[in-house]
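Remarks on the structure that follows.
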Amino acid sequence: MLTSSAIAEAMGMGRGRIYRALSRPHPLPYIKKKSPPKGGGQTKFYTIGNVIARMRAHFGSLDSITVAKLYELGGCRKNKGAHQ
């Protein structure tokens, strides 16, 4: 799951451009996790597959380094030693 800040960091763009891409032509589906007991805003979390598809549609093709950063920031770990 990715936040808009993580997407902006991976793509090297401002959050405003990312918010615009996530909300046009229609908002991407997201979830909100439970707020902490002391309050605070809820952050929107987007799935990696939806984000990659929307970024490709909005900004054109993505290079493999950007896609790898999105997966890394989304919590997907590289499976080292899988072919042993």
Taking first residues from segment 10-38 that are of a type in the set (Ser, Thr, Tyr) and second residues anywhere that are loosely packed, with under 10 Cβ neighbours inside 10 Å and part of a loop (DSSP other than H, G, I, E, B), the pairs with Cβ under 8 Å that are 6 or more apart or on different chains are 35/41
Could you give me the residue pairs with C-beta distances under 6 Å whose first residue belongs to segment 58-74 and is exposed (fewer than 15 other Cβ atoms within 10 Å of the Cβ), whose second residue is part of a helix (DSSP H, G or I) wherever it lies, and which are 6+ apart or on separate chains?
-> 58/21
Working only within segment 13-33, note down all residues that are surrounded by 14 or more Cβ atoms within 10 Å (Cβ to Cβ) and hydrophobic (A, V, I, L, M, F, W, C).
-> 13, 18, 21, 22, 28
Scope segment 26-56; condition assigned to a loop (DSSP other than H, G, I, E, B) and either within 17 Å of residue 67 (Cβ to Cβ) or at pLDDT 90 or above (or both); matching residues | 26, 27, 28, 29, 30, 47
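The values are calculated or read from the model by the stated rules, or taken from the named source; none is laboratory data. The shown structure was predicted, so the numbers you read here are calculated from the model rather than taken from an experiment. Note: ideal-geometry Cβ built from the backbone for every residue, glycine included; neighbour counts use all protein chains shown.
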